[in-house]
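The values are calculated or read from the model by the stated rules, or taken from the named source; none is laboratory data. Quick caveat, the model's predicted, so the values are computed rather than measured. Every residue, glycine as well, gets a Cβ built from its backbone with ideal geometry; the counts of neighbours run over all protein chains shown.
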Amino acid sequence: MAAPESARFGGVVPFSSCDWPGRLAATVFLAGCPWRCGYCHNPHLLSRRSGERDWPALHRLLTQRRGLLDGVVFSGGEPLAEPALPALIDAVRELGFKVGLHTGGGYPDRLAPLLDRLDWVGFDVKTMWSSYADITGIAGSGERARLSLARLVDAGIELEARSTLHPHWHNEPTLATMAEQLREAGVRRWVWQRARTAPGTLKPLAPLPPDWPPPRLAERLGRGFEALTIRTQ
Ligand code: SF4
């Protein structure tokens, strides 16, 4: 198992109340991602080599915050791309923190051995399983995401599915199919996020209409979920 000292970090938010809804958490960004989504607003985190090895400083910071935070969320990039993630999870659990994970599900086999060490997952759902490559640029990414989600649901881990939406990729039939696939997968909570179109995304995107995604569509497709929420960023 790779040691925490070898992990490549892209930044830390010491106190966050939004990265793990309902919890106060520190968010640790890990550098590296195998996918290349056009709407990605963290392109500086896509190369693992862009990250810094700084575990001693992070360990010090978390040690000082014991008792002040509920947990630590690993985000990215794609945190499962970091070989030291299992050791990082063990280390923060030893400090007494609960563990949250933001993932797109690109590594189902790396996820499997971590299932009993995760308290919550924010699972990024790009689109219909069959259309993933249109967004990620990587063949087979939808099947890996589908398998990861199935493993999380089977393990009974509390999770929130979230989708970053832009009309370039997401029309009404696409969203309806996504809703059907997520209900079938056993997802209870789904969040829609408006794609950012400001400079800084991986590819330039047309500005979003102000009323998009349509709240009426969310109301209709939300039937069968415990909650379908439109989150403004
Ligand atoms: S948005 Fe796509 S490319 Fe960017 S970090 Fe997430 S999975 Fe990787």
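List of remarks:
- Lys203 passes every criterion in (1) assigned to a loop (DSSP other than H, G, I, E, B); (2) among the charged types (D, E, K, R); (3) under 27 Å from Leu111 (Cβ atoms) apart from (3).
- Annotation: of all residues in the stretch 126-144 being touching a Lys or Arg at 6+ places or on another chain (Cβ under 7 Å), within 12 Å of the ligand (Cβ to nearest atom) and not hydroxyl-bearing (Ser, Thr, Tyr), the one that is farthest from Met178 (Cα to Cα) is Gly137.
- Selection count, the stretch 77-106, where residues are part of a loop (DSSP other than H, G, I, E, B) and buried (at least 18 other Cβ atoms within 10 Å of the Cβ): 8
- If you filter the stretch 20-31 down to residues that are surrounded by fewer than 22 Cβ atoms within 10 Å (Cβ to Cβ) and in a loop (DSSP other than H, G, I, E, B), you find that the one that is nearest to the ligand (Cβ to nearest atom) is Pro21.
- Index of the failed condition, Leu69 passing every other in (1) more than 12 Å from the ligand (Cβ to nearest atom); (2) assigned to a helix (DSSP H, G or I): (2)
- Taken over the stretch 160-185, the residue count meeting the criterion of being without any contact (Cβ under 8 Å) to a residue 40 or more places away in the chain and among the hydroxyl-bearing types (Ser, Thr, Tyr) is 1.
- Here is the figure for the stretch 32-45: residues that are at negative phi, more than 6 Å from the ligand (Cβ to nearest atom) and part of a loop (DSSP other than H, G, I, E, B) total 4.
- Test for Arg216: is it in contact with a helix residue (DSSP H, G or I) (Cβ under 9 Å, 6 or more places away or on another chain), surrounded by fewer than 17 Cβ atoms within 10 Å (Cβ to Cβ) and in a helix (DSSP H, G or I): no
- Restricting attention to the stretch 32-47, the residues that are at pLDDT 95 or above, within 14 Å of Pro79 (Cβ to Cβ) and surrounded by fewer than 21 Cβ atoms within 10 Å (Cβ to Cβ) add up to 1.
- Evaluation of Lys203 against the conditions (1) more than 27 Å from Leu30 (Cα to Cα); (2) surrounded by fewer than 15 Cβ atoms within 10 Å (Cβ to Cβ); (3) touching a Gly at 6+ places or on another chain (Cβ under 9 Å) shows that the sole unmet condition is (1).
- The listed residue being touching a helix residue (DSSP H, G or I) at 6+ places or on another chain (Cβ under 8 Å), surrounded by 15 or more Cβ atoms within 10 Å (Cβ to Cβ) and touching a residue at least 40 places away in the same chain (Cβ under 8 Å), out of Ile157, Ile135: Ile157
- Of the numbered criteria (1) within 16 Å of the ligand (Cβ to nearest atom); (2) exposed (fewer than 15 other Cβ atoms within 10 Å of the Cβ); (3) under 18 Å from the mean Cα position of the chain (by Cα), the one Ser50 fails is (3).
- Filter result (in a loop (DSSP other than H, G, I, E, B) and within 18 Å of Cys37 (Cβ to Cβ)) within the stretch 180-200: Ala195, Arg196, Thr197, Ala198, Pro199, Gly200
- Trp190 passes every criterion in (1) surrounded by fewer than 22 Cβ atoms within 10 Å (Cβ to Cβ); (2) within 15 Å of the chain's Cα centre (by Cα) apart from (1).
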